[in-house]
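The values are calculated or read from the model by the stated rules, or taken from the named source; none is laboratory data. Everything quoted here is computed from the prediction, not taken from an experiment. Because the Cβ atoms are built from the backbone with ideal geometry, glycine has one as well, and the counts that use them run over all protein chains shown.
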Amino acid sequence: MKAQEKNRIRIKDFFDAGMTKATEISRRLTIPERTIYRVLKSISDKKSLTHKKGAGRPQILHKSDRNRIMALVQHNPRITLNECRAKLSTPIAKSTLLEEMKRRGLQYRQVVRIPALSQLHITKRIEWCKRMRSQNWSKVFFTDECSIWMNSGKIYVWTKKGQPINLPTFKHPAKLHIWGGISVMGKTNLKVFTENFNQERYKTVLNECLIQEANALYGNQWVLQEDNSPIHTGNAAKAWKQEFVPHQIDWPSNSPDLNPIENLWAVLKKRLLKKRFNSSNELKEAILEIWNTLDPEFLKPFCLSMDKRIRLCIKGGGKKINY
């Protein structure tokens, strides 16, 4: 029963009890007097207090069309509104079709590209997660590389109608590569570079940015996490790490969703979108400024999310987790 109909019944109950003044009923029920007057008039005219459903606006889409829309979307999730309209038996406006999509809980969203997981990848991920359920993550340094393009985000500005909006653009926008690591106790130095990464450069980065920081925080008890890039797993890099890295952890292939530093890269990129840069040097300075102000307490939840990531991966049958 709707609230309006309940109020009409409550008003009638007061009327039947001998209270006929609208002002008094309004004060008791905290309902506007105009509503009381309208209901009392219906009572005096012996009209029904039950709301009669009107004819309403006729439905533009028939049930068959609604079913057809869902069938089209399920068959081809990439179908556009115009393509969908062309396949319907009833001519409808794009806005009507969009409303139907919304009513069905559908959104036209950008596809996020993720590494393809074969059945072997999925099996290995489950095996790895089950094996790592008892892992102590408090001394693990999660590391990764990331690329950042200058002024890559969409820009919105307030402007008057007809006023041109011009911003300088670059045919080949500057791109910087970064490498960093985080742990429960703190972070490594951040390396920003433009050159292509290789095993020799990777060894230099680990030596300059990780070893001293990790030893200062954990002594000789820290653990290195890295993905399975050939730069990380090549013979030269492997031999160097055997000498200078006390402990390493294996990592399942195609699994950036399990690495908490990926979420930190997203935070960093989002903060960079709030600024505009005229040169790669300005971009580099902004990246380092953000990194240097990251507090260990801010980083800790990222690293301690591993147990939950593992549970989600096992629960999801080894498929990509949304984290």
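Of everything in the stretch 298-323, what is more than 15 Å from Lys139 (Cα to Cα) and not basic (Lys, Arg)? Give them in sequence order.
Phe298, Ile310, Leu312, Cys313, Ile314, Gly316, Gly317, Gly318, Ile321, Asn322, Tyr323
So how many residues does the stretch 182-228 have that are among the hydroxyl-bearing types (Ser, Thr, Tyr), in contact (Cβ under 8 Å) with a residue 60 or more places away in the chain and surrounded by 13 or more Cβ atoms within 10 Å (Cβ to Cβ)?
Qualifying residue count, the stretch 182-228: 2.
Residue-by-condition table, conditions (1) at positive phi; (2) in contact with a Leu (Cβ under 9 Å, 6 or more places away or on another chain); (3) of a type outside the set (D, E, K, R):
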| site | (1), (2), (3) |
| --- | --- |
| Gly180 | no, yes, yes |
| Gly186 | yes, yes, yes |
| Lys191 | no, no, no |
| Leu206 | no, yes, yes |
| Glu213 | no, no, no |
| Ala216 | no, no, yes |
| Asn220 | no, no, yes |
| Glu226 | no, no, no |
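From the list Glu127, Glu83, pick out the single residue that is part of a helix (DSSP H, G or I), of a type in the set (D, E, K, R), surrounded by 12 or more Cβ atoms within 10 Å (Cβ to Cβ) and at pLDDT 85 or above.
Glu127
For the stretch 188-207, which residues satisfy the criterion of being of a type in the set (D, E, K, R), farther than 21 Å from Leu294 by Cα and either at pLDDT 95 or above or part of a helix (DSSP H, G or I) (or both)?
Those that are of a type in the set (D, E, K, R), farther than 21 Å from Leu294 by Cα and either at pLDDT 95 or above or part of a helix (DSSP H, G or I) (or both): Glu200, Arg201, Lys203.
Looking at the stretch 160-177, can you tell me whether even one residue there is modelled with pLDDT under 95, in contact with a helix residue (DSSP H, G or I) (Cβ under 8 Å, 6 or more places away or on another chain), farther than 17 Å from Ile290 by Cα and assigned to a loop (DSSP other than H, G, I, E, B)?
Checking the stretch 160-177: at least one residue is modelled with pLDDT under 95, in contact with a helix residue (DSSP H, G or I) (Cβ under 8 Å, 6 or more places away or on another chain), farther than 17 Å from Ile290 by Cα and assigned to a loop (DSSP other than H, G, I, E, B).
Could you list, in sequence order, all residues of the stretch 269-293 that are in contact (Cβ under 8 Å) with a residue 60 or more places away in the chain and of a type in the set (A, V, I, L, M, F, W, C)?
Correct list: Leu272, Leu273, Phe277, Leu283, Ile287, Leu288, Trp291.
I need the full set of residues from the stretch 18-33 which are part of a loop (DSSP other than H, G, I, E, B), under 19 Å from Glu5 (Cβ atoms) and either without any contact (Cβ under 8 Å) to a residue 24 or more places away in the chain or over 57 Å from the mean Cα position of the chain (by Cα) (or both), in order please.
Thr30, Pro32
Filter the stretch 103-117 for residues that are loosely packed, with under 11 Cβ neighbours inside 10 Å and not aliphatic (A, V, I, L, M); which is modelled with the lowest pLDDT?
Per the stated criteria, the residue is Arg113.
If we only count helices (runs of 4 or more DSSP H) wholly inside the stretch 208-259, which ones have 2 or more residues that are under 35 Å from the mean Cα position of the chain (by Cα) and closer than 21 Å to Phe193 by Cα? Lay out the reasoning, then the answer.
Working: elements: 211-218, 230-233, 235-244.
The qualifying helices (runs of 4 or more DSSP H) are 211-218, 230-233.
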